[in-house]
1. Full-extension gain between A:V12 and A:T77, please, as 0.36 nm times their residue separation minus the C-alpha to C-alpha distance.
2. Using θ = phi - 60° and the Karplus curve 6.51 cos²θ - 1.76 cosθ + 1.60, what whole-Hz ³J(HN,Hα) does each residue of the range A:280-292 get, with Gly and Pro shown as x?
3. Sort A:T140, B:T222, B:T185 by Cβ crowding within 10 Å, fewest neighbours at the top.
4. Over chain A, what is the relative contact order in whole percent, taking alpha-carbon pairs under 8 Å and six or more residues apart?
5. Please report, ordered by residue number, every helix of chain B (full DSSP H runs) that is 27 Å or longer along its axis going by C-alpha atoms and whose mean Kyte-Doolittle hydropathy reaches 1.6.
6. Can you give the Rg and Dmax of the range B:116-236 based on its C-alpha atoms, in angstrom?
7. Once label points are set 7 Å from the Cα along Cα→Cβ at both A:I295 and B:E126, what is their separation, rounded to one decimal in nm?
8. For chain A, set up a GNM with springs between Cα atoms under 10 Å and report which of A:S283, A:S47, A:S229 has the largest fluctuation.
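Bear in mind that the values in this text are calculations on the coordinates, not laboratory data. Computed from a prediction, not measured in an experiment: that's the story for all the values here. Because the Cβ atoms are built from the backbone with ideal geometry, glycine has one as well, and the counts that use them run over all protein chains shown.
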Amino acid sequence: MKTGTDITKKLVFAVAVAVVLALPWMTGPYTTQLFILTMTYGMLGLSFAFTIRVGLPRFDSAAWWGVGAYTTAILMTKADMSFWLTLPIAGIVSMAVGFLIYRIAIPRGMMVFLMFGMVIALAIQQLFGSVEFFGGWGGTEVIEAPAIGGLVFDGKRELYYLGLGFLGFNLICYYALMRSRIGRSWNAIGQSVKLASSVGINVVRYRMANVLISNFFLALTGSFYMAFSLVAVPATFGLDKSLNVIMYVIIGGIAYSLLGPLVGALILAFVPEYMRVAAEYESIITAVVIILVVIFLPEGVLGWVSGRARPWLLRRRPWVRSVGSKNKEPESG
Amino acid sequence: MSLLTLENVGKSYGRLEAVSGLEFSVDKGTVHSLIGPNGAGKTTVFNLITGTIRASCGRIVFDGEDITRLEPHKIAQRGIARSFQQTFLFMDYSVLDNVLTGFHMRDRAGVIREFLHTRAAREADERAREQALEIVDFMGLSEQKDELAGNLPHGHQRALGVSIALACDPTLLLMDEPVTGMNPTESNEMVERIRRIRDRGVTVLLVEHSMRVVMDISDMITVISYGKKIAQGLPDEIKHDPQVIEAYIGEDTDAA
Ligand SMILES: Nc1ncnc2c1ncn2[C@@H]1O[C@H](COP(=O)(O)OP(=O)(O)O)[C@@H](O)[C@H]1O
Ligand SMILES: [Mg+2]
């Protein structure tokens, strides 16, 4: 039996999907470009929110994003490979290199993971810039836009739909993972490492799997980035970008692991544009915004909205309550 | 038949010997209590058995296998579950989800099936749910099954801690002060449950401060003080042991 709420919910969902699909036809190329950026940043946020489930905040998301972008760029230019073929390779490279680093960091706990993240973010960026092979600080370009048969993804509209494809794949995989029993064990680790290992969860292995999956999707997002930017510059993939990724997640609402990063990315992609603030104040503004959010919207924008909207519209994921949740015990190992 | 044996087990923190030269065995199918004044090293013994901390010396043998150097999750997988002295729960999960998390080791459909949410995975989930509900029911938490663990009153949180341990389907259950902070009714119910857990064939190693509870349900008691064993015996023997009485002088009346 269908209740009225069910029907309204379906209706809201259908309208949302229709709007998302029609967007590039309702706006100009510049706004469409902003939406493409929103999707890119949103995907980075999804991968950050994913490792938060196991209690590991990563400061290197942009670096692995860069690994994906560079893998695709280099395979396309130096090996003349098709864009599509570079996708799985980018993901696997990111996982393989990540594994070598994290097998040292993850057994040593959250603090070491966090430190490694920052150091790696800087090191990978320098690798791209200083090693001749990667094209130097000026970056490396690809000339060829991805294409399937006659469909070439070179216009903003085409790229927008390509982005939707990537985003959809991210959302479906992350959703399926979090819903499964593996997801339950991941969330358990995020809440209490001690209790999780006492029920037989191999914390190191579960964290490793989680972080490597995140690495895979970060790299995929990097490949997508190459499809629309056609150039990879080391400066794009720096530590500051990784910090921005954290902002998206916190501003959107850290308890909403799927919608939160998207809302946060949307806000941070569009608000500065419309405020017409000069780029030189961006960091100051971001700092002020994040402080205000932590004070006044500790559950993020979605947490604030769901307090006001009908409860069925937004079902919060209960397991990460807010930034600085008081319920969590400190990590011990 | 002894299920768990500690041989000359010691743990020191710098110059403090929290546990030293400790020897005792827990027989299969019994409730074995480990008692001693505050700071005697009881929780440390639990941490040693479960691998949370590494022994400085000695050997711990469980079910014929040396588990001294195993990691906590491996020891859990061998069949040792514990409830903690502090209330460790998955605070942001519902009661039922807490117990389901304890099912981590049981009845898995396999990673790929779980990811794809196949029929086999859904059926395994459904079975786990039913069994989790039984445990929740057994521990008297049926009415709270959908509450967030973090919102439960203290007594229920303690009961939930034990429920999670039971979900692991243990051979040996370690309970660290399970009735602490409970009111008398809750406490009596817990004692009754411990008895029923034992009657189902689970061996229980119990640390408890309330002498009334310990004397009531123990099949065997080991007393430690300053990390060393000072006595072992049946409840009636321990009650009248002069060394035990001496160790407890200065403790609160309930313990004396
Ligand atoms: N991590 C630690 N570092 C230093 N000393 C500790 C540590 N853990 C416990 N101790 C000390 O070991 C002794 C035994 O503690 P514990 O096992 O908690 O006692 P009980 O559970 O019997 O009350 C105490 O003196 C305590 O202060
Ligand atoms: Mg103790």
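1. Value of the extension gain: 19.0 nm.
2. So the J values, rounded to whole Hz, are 5, 9, 4, 5, 5, 5, 4, 4, 4, 4, 5, 5, 5.
3. With the sparsest Cβ surroundings first, the list reads B:T185, A:T140, B:T222.
4. 29 percent
5. none
6. Cα radius of gyration and Dmax of the range B:116-236 are 17.0, 58 Å respectively.
7. 5.3 nm
8. So, out of A:S283, A:S47, A:S229, the one fluctuating most is A:S283.
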